[in-house]
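Take a look at the structure set out below.
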Ligand code: 5GP
């Protein structure tokens, strides 16, 4: 990356899986044309209804390893055993070239690393569930994973809740409409509109 490649703002949403960050991010993208979603790369299998290049760039294990070796990632994590997710430098520069504020839906370690890489330009928001019990129930209700995967996700969510106070803002997702309105306010502040 050339040192004078322009960079812009980052709006990072992070949370334990099941806290509702994806719903909030989708809502904001629909309402604010100035925002664009950072499409991460992953080696996890595509779920029914998913399309390559929309929620993720789906890579094989080998492709993902090659991109790590090439230094193509701003950050990446092995979020679940053998399942890698990462943010590509090229993706950020693609969106900044379009003058977008980049929105992220990313787990807590990746959010921490992004914020470290772009400290001045980042606002990181932790989406908090009303309680751990409600979060675990939401994960069970989602029903997209096998029993074994669900157990891993619940354990991970438990660890991630400990990061509550490590970010710039906490957005409580108890009543969804309230959370969406607060998220909109935050974006208006950031965009100064
Ligand atoms: P899912 O498999 O349910 O789509 O996502 C699993 C987890 O990976 C979610 O918590 C999601 O936020 C996180 N994730 C998605 N993209 C990235 C990324 O680029 N980097 C990191 N560190 N985590 C990501």
- Task: Mind checking which helices (runs of 4 or more DSSP H) fall wholly inside the range 28-120 and carry at least 2 residues that are closer than 26 Å to residue 161 by Cβ and under 15 Å from the mean Cα position of the chain (by Cα)?
- Result: 108-117
- Message: I need every pair where a residue in the range 139-155 that is within 12 Å of residue 81 (Cα to Cα) and assigned to a loop (DSSP other than H, G, I, E, B) has its Cβ under 6 Å from the Cβ of a residue that is more than 10 Å from the ligand (Cβ to nearest atom) and at pLDDT 85 or above, sequence separation at least 6 or different chains.
- Response: none
- Query: Is it the case that the range 67-78 has a residue that's within 14 Å of residue 105 (Cβ to Cβ), crowded, with 18+ Cβ neighbours inside 10 Å and more than 12 Å from the ligand (Cβ to nearest atom)?
  - Reply: no
- Flag if residue 39 is in contact (Cβ under 8 Å) with a residue 12 or more places away in the chain, touching a helix residue (DSSP H, G or I) at 6+ places or on another chain (Cβ under 8 Å) and buried (at least 19 other Cβ atoms within 10 Å of the Cβ): no
- Query: Here are some conditions: (1) away from the ligand (no atom under 12 Å from the Cβ); (2) within 29 Å of residue 175 (Cα to Cα); (3) outside any strand (DSSP E or B). Residue 123 meets all but one. Which one does it not meet?
  - Reply: (3)
- Does residue 156 meet the test of being within 15 Å of the ligand (Cβ to nearest atom), modelled with pLDDT under 95, exposed (fewer than 13 other Cβ atoms within 10 Å of the Cβ) and closer than 23 Å to residue 45 by Cα? no
- Query: Of (1) under 18 Å from the mean Cα position of the chain (by Cα); (2) more than 9 Å from the ligand (Cβ to nearest atom); (3) at pLDDT 95 or above; (4) surrounded by 19 or more Cβ atoms within 10 Å (Cβ to Cβ), residue 20 satisfies all except one. Which?
  - Reply: (3)
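The values are calculated or read from the model by the stated rules, or taken from the named source; none is laboratory data. As the structure is a computational prediction, the values presented were derived from the model and not from experiment. As a convention, Cβ positions derive from the backbone with ideal geometry for all residues, glycine included, and neighbour counts pool all protein chains shown.
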